[in-house]
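The next block holds one structure in the form of structure tokens; read it before the comments.
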Amino acid sequence: MTAAASSESKHRLTVAIVLVVAAILTFIAIFSFWVNRQAMNTDNWTETSGQLLDDEEIQAQLSTFLVAQLYANVDVQAELERALPPEASALAGPAAGGLRQLAQQVAERALTTAAVQSIWAEANTVAHENFLKVINDEGDLVSTGEGEVTLQLGDVVSQVGEQVGVPSDLLAKLPEDAGELKVLDSQQLSTSQKVAKAVRKLPIVLTALLLLLYGGAIYLARGRRREAVRATGFGFIVAGVLALLLRSLAGDNITDSLAATASVEPAVEHAWEIGTSLLVTVAVSAIAFGVLVVIGAWLAGKTAPATALRREASPYFRENQAAMYGVAAAIWLALIAWAPIEAFRKPFGILLFAVLFAIGTEVLRRQALSEFPNQPRRPLGSDLQPVWSRRERAPVAASGESSSQLGDLERLTALRREGALTDEEFEAQKKGILSDRK
């Protein structure tokens, strides 16, 4: 191997390593964006908690918890015994059991009412705000006493008690910890604080690193920049797919570890799916962005359809640049309206995509003009038509029995000129023609 070849090999290896590192960081960035948007954003958390409350499986488990809390703090059987005549006091036990079954149904209906949903939203909003502030024992609906974060649902228990028919004087005596739901213990809180500090600025740092790494790899890949752009797209696609796979695997493990009984498994599964829905959004956005990048790389490639498209567009690029940029702007606006990528809904994402789209359009314009500087304007589709009939016209080597070798070569040359054959396919067909005539 010559020194030049060795240097070129090392150069390609360096570019490949940079692209692999960038793909790994893309995978990490997906989770950092999710954690910041889900765990560090109160509005997003409140919206997610509302989705949790709307789920029927979660409603069933939460209503069971609320009824258990009500019966644990109100002696329903004793109250019934006092209310019933002495000769009917023996019925208090069965009546209390029947009332508990009714309370379960009442609780499930109560969770769908606007009053209870408002209490639930307020509880989660205050809980999350205090969690972010990490202020011990601040707020009426959440506390971090003794190193524990708890969500106070006492008002929801009272609402259920009112609808069941528990006297208001008894409900007023409910202890403060009635309906207390522990969210984090002291060890988990400490871990969460450390994670929060680590990931709070991570998306910004990773975004800057990814721009540098992918941009650097494309810059360094002299002579193979289109391949580097394509690899960038595949890096985003692979990172997004792996994030979705990891979410699925983690969901199975979390369900197995948290679901004490089979009856609880559906609620845990639904809670995980809802709680990680933003992760799906971020991962799918990464995949969609990767697909757009791969399509852009394909448009600049050497395939017959891509070459025909550039030939078709070259006279318009040359004669009416404003109109072509207007078409590009229309495509950009359509993508923004469709928003296959979540970042397209954010001002920074829209601006960044506009810059990248403009750069890509200009690069494609210059490439088309360089390849076809004097291409005349012809009816739309005339350069693409040979590509669609390629299967019928490409295997010209098989028609040697009815035409001369020279005629076959002339037709083959015409096909390459029209874009129906790439250079590699042309050479392969030409060798076939010449070898058949020997």
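The values are calculated or read from the model by the stated rules, or taken from the named source; none is laboratory data. Nothing here was measured: the structure is a model prediction, and the numbers come from that model. As a convention, Cβ positions derive from the backbone with ideal geometry for all residues, glycine included, and neighbour counts pool all protein chains shown.
Candidates A354, A339, A306, A323: the one that is in contact with a Lys or Arg (Cβ under 7 Å, 6 or more places away or on another chain) and not polar (S, T, N, Q) is A339. Taken across segment 231-241, residues that are buried (at least 22 other Cβ atoms within 10 Å of the Cβ), in the same structural domain as A217 (by TED's automatic domain parsing), part of a helix (DSSP H, G or I) and out of contact with any Gly (no Cβ under 9 Å at 6 or more places or on another chain) do occur, with at least one present. Right, V293: modelled with pLDDT of 90 or more, assigned to a helix (DSSP H, G or I), within 30 Å of D423 (Cβ to Cβ) and out of contact with any strand residue (DSSP E or B) (no Cβ under 7 Å at 6 or more places or on another chain) or not? When the stated conditions are applied, V293 passes them. The residue pairs whose first member lies in segment 246-266 and is touching a residue at least 60 places away in the same chain (Cβ under 8 Å), whose second member is in a helix (DSSP H, G or I), and whose beta carbons are closer than 6 Å, counting only pairs six or more residues apart or on different chains, are P266/E57. The residues in segment 356-389 that are modelled with pLDDT of 70 or more and hydroxyl-bearing (S, T, Y) can be counted, and the count is 2. Select, from A308, A313, the only residue that is over 14 Å from E362 (Cα atoms), of a type in the set (G, A, S) and surrounded by 19 or more Cβ atoms within 10 Å (Cβ to Cβ). None of the other options fit; the residue is A308. Put simply, of G215, G296 the only residue that is surrounded by fewer than 15 Cβ atoms within 10 Å (Cβ to Cβ) and under 28 Å from E342 (Cα atoms) is G215. Of all residues being without any contact (Cβ under 8 Å) to a residue 40 or more places away in the chain and not hydrophobic (A, V, I, L, M, F, W, C) in segment 196-212, which is surrounded by the fewest Cβ atoms within 10 Å (Cβ to Cβ)? Just the residue, please. My answer is K197.
Is it true that E342 is within 30 Å of L279 (Cβ to Cβ) and of a type in the set (D, E)? Spelling it out, E342 is indeed within 30 Å of L279 (Cβ to Cβ) and of a type in the set (D, E).
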